[in-house]
Amino acid sequence: MRAFTNVKDLGDLNAALKEAAEVKKNRFGYQQLGINKTLLMVFFNASLRTRLSTQKAAMNLGMNTMVLDVNQGAWRLETERGVIMDGDKSEHILEAIPVMGSYCDIIGVRSFAKFESKADDYSENILQQFIQYSGRPVFSMEGATTHPLQAFADLITIEEYKTKTRPKVVMTWAPHPKSLPQAVPNSFADFMNEANVDFVITHPEGYELDPQFVRGATIEYNQEKAFQHADFIYAKNWSAFADGHYGEILSKDRSWTVDTAKMALTDNARFMHCLPVRRNMIVTDDVIESPQSIVIPEAANREISCEVVLKRMLESL
Ligand code: CP
């Protein structure tokens with residue numbers, strides 16, 4: 001595997017899930033792959049889970065790890081070609097990327113949407129430059145438009161907790177005080193559309209996601225109707241994708257918050273969220289603390305999804 005940015009990079013999804021189960025049973029069993037190999041993690045944005053789970057996955061595989069926080073202690077990077085660099089940016093990413101590549105074997109990159117332009121964000125300019133110019137396998141630790149390590153961990157978690165062959169999985173928009181990217185819901189849809197699940201997306205009108213990720217998913221604007229017979233509720237906020245409203249908050253309607261009354265409409269569904277979560281905006285205390293909440297094992301599976309990706313990249317070196 002030379003790049004990991006979306007579900008297709010995993011190939012056969014059932015084989016990837018089987019491999020994840022094997023890795024989880026024997027997470028230190030592949031250490032010979034990573035001996036004398038170095039992972040560089042490049043963060044343009046903050047992280048808790050991704051930073052720790054990726055480092056842990058690399059250590060499980062016997063790798064050395066280095067972390068660069070681009071906005072803390074590194075030169076400020078220019079990311080566009082053709083810019084006259086007479087401002088506060090001291091280094092161009094086109095030199096910085098191959099230099100970084102010369103010190104490591106695999107690179108993970110986190111670079112969120114900037115919301116300055118939909119075209120720029122959806123071009124994944126920074127991640128794609130790492131893929132093109134580093135000379136190393138590159139994986140997304142959340143780009144501007146996708147978060148595949150999260151969605152793979154989400155699918156692993158659904159596999160572990162499902163009680164029927166084809167569960168109903170509902171991704172629901174929920175309110176948030178800040179404008180959030182579409183990366184997590186895009187990737188969740190990308191993975192669910194390839195998995196053996198009945199996938200429904202519910203959100204207020206105006207929050208339609210990019211059709212390339214939604215594909216054949218059912219859209220239901222009535223949240224309570226969507227929750228009926230659900231086996232998994234996946235809550236997430238995202239900002240608007242539509243032209244003219246890209247990145248905008250169109251609603252903070254707290255009637256969309258996931259609460260006990262709504263969970264009672266489901267078939268005793270499990271509650272999921274990628275974290276970090278704003279309590280009593282996205283989900284009430286009662287729901288996230290309930291026995292049906294699986295947000296902690298979901299986060300723990302980030303180590304496993306990443307270990308599968310790193311293992312495959314190490315095998316391809
Ligand atoms: N879910 C997730 O990616 O968490 P962090 O932003 O803390 O890494």
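FYI, it's all coordinate maths here, none of it is from the lab. The shown structure was predicted, so the numbers you read here are calculated from the model rather than taken from an experiment. Glycine gets a Cβ as well: all are built from the backbone with ideal geometry, and neighbour counts include every protein chain shown.
Tabulated results
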| read-out | value |
| --- | --- |
| K262 more than 16 Å from the ligand (Cβ to nearest atom) and out of contact with any helix residue (DSSP H, G or I) (no Cβ under 7 Å at 6 or more places or on another chain) | no |
| Hits in region 149-168 - residues which are farther than 19 Å from N301 by Cα and of a type outside the set (V, I, T) | K164, R166, P167, K168 |
| Complete set of residues in region 157-188 that are assigned to a helix (DSSP H, G or I), more than 18 Å from Q128 (Cα to Cα) and within 14 Å of the ligand (Cβ to nearest atom) | T157, V184, P185, F188 |
| Qualifying positions in region 91-143 - of a type outside the set (F, W, Y) and within 16 Å of the ligand (Cβ to nearest atom) | G108, V109, R110, S111, A113, L127, S140, M141, E142, G143 |
| Single unsatisfied condition, F43 versus (1) in contact (Cβ under 8 Å) with a residue 24 or more places away in the chain; (2) more than 16 Å from the ligand (Cβ to nearest atom); (3) surrounded by 17 or more Cβ atoms within 10 Å (Cβ to Cβ) | (2) |
| Residues being in contact with a strand residue (DSSP E or B) (Cβ under 8 Å, 6 or more places away or on another chain) and not acidic (D, E) - total across region 226-261 | 14 |
| Region 269-297: number of residues that are assigned to a loop (DSSP other than H, G, I, E, B), more than 16 Å from the ligand (Cβ to nearest atom) and in contact with an Asp or Glu (Cβ under 8 Å, 6 or more places away or on another chain) | 2 |
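Residue-wise test of (1) in contact (Cβ under 8 Å) with a residue 12 or more places away in the chain; (2) among the charged types (D, E, K, R); (3) assigned to a helix (DSSP H, G or I); (4) at positive phi.
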residue	(1), (2), (3), (4)
V200	yes, no, no, no
P204	yes, no, no, no
A226	yes, no, yes, no
A230	yes, no, no, no
D243	yes, yes, no, no
